[in-house]
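Trainee: Handing you this structure, nothing more for now.
The values are calculated or read from the model by the stated rules, or taken from the named source; none is laboratory data. Remember, predicted model here, so these are calculated numbers, not experimental data. Virtual Cβ from ideal backbone geometry, glycine too; neighbours counted across all protein chains shown. For the accessible areas, the whole protein counts, side chains as well, though only heavy atoms, and no ligand, DNA or RNA atoms are used. Shrake-Rupley method; radii C 1.70, N 1.55, O 1.52, S 1.80 Å.
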Amino acid sequence: HNWNDVYATNKEVLDQFKSVQNQEVFDFLGSGEDAWWGERRAEADVVLQDFCSVVGTSGPQSAYHQKKFLRNVFTDGEGSPKPCEDTSAPLVPQATACVKSDTPDMTTSAPTSAPTSAPTSA
């Protein structure tokens, strides 16, 4: 469904959602509808980078990643697919290269222990 059509039909209800009020609504038309149904299957890493960018967990290097599949329906235009010029050519990955961050890795922190017994009532 096209966001504009859905919004026009359900504006009164959708305007009550915080995500709509904050203009934080995303769909999968960043590279056009065909790319979502085809390319994203081969590039799950790019979908993950897009998702991390949308939810704000992509770290300090997030400025380097340009969303490919997901788009903000309020601020990003609908994308169009790249033309396929050579069907026998190898896939050129669209993922943003990883860079080492100075942020501590969660896997290096000490694990927290789980309670060993159920709480007792007073």
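Trainee: Of everything in the stretch 31-44 that's more than 15 Å from G79 (Cβ to Cβ) and open to solvent by less than 80 Å² (accessible area, probe 1.4 Å), which residue is modelled with the lowest pLDDT?
Mentor: A42
Trainee: Condition (residue is over 30 Å from P90 (Cβ atoms) and within 18 Å of the chain's Cα centre (by Cα)) applied to the stretch 35-47: is it met by at least one residue?
Mentor: No, that holds for no residue.
Trainee: Still on this model: Could you list, in sequence order, all residues of the stretch 49-94 that are at positive phi and either open to solvent by 90 Å² or more (accessible area, probe 1.4 Å) or at pLDDT below 75 (or both)?
Mentor: G59
Trainee: Among the residues of the stretch 1-30, write down those that are open to solvent by less than 60 Å² (accessible area, probe 1.4 Å) and either more than 15 Å from T96 (Cβ to Cβ) or among the hydrophobic types (A, V, I, L, M, F, W, C) (or both).
Mentor: Within the stretch 1-30, W3, V6, Y7, L14, D15, S19, V20, V25, D27, L29 meet the criteria.
Trainee: Starting from the stretch 92-103, keep only residues that are more than 13 Å from Y64 (Cβ to Cβ), then list their pairs with residues that are part of a loop (DSSP other than H, G, I, E, B) and modelled with pLDDT of 75 or more whose Cβ atoms are within a distance under 7 Å, requiring at least 6 positions of separation or different chains.
Mentor: Matching pairs, first to second residue: P93/E43.
Trainee: Just wondering, is there one or more residues in the stretch 100-115 that are modelled with pLDDT of 80 or more, surrounded by fewer than 10 Cβ atoms within 10 Å (Cβ to Cβ) and in a loop (DSSP other than H, G, I, E, B)?
Mentor: No, the stretch 100-115 contains no residue that is modelled with pLDDT of 80 or more, surrounded by fewer than 10 Cβ atoms within 10 Å (Cβ to Cβ) and in a loop (DSSP other than H, G, I, E, B).
Trainee: Output the helices (runs of 4 or more DSSP H) that fall wholly within the stretch 7-62 and possess 1 or more residues being in contact with a His (Cβ under 8 Å, 6 or more places away or on another chain), or say none.
Mentor: Because the criterion is at least 1 residues that are in contact with a His (Cβ under 8 Å, 6 or more places away or on another chain), the helices (runs of 4 or more DSSP H) in the stretch 7-62 that meet it are 44-55.
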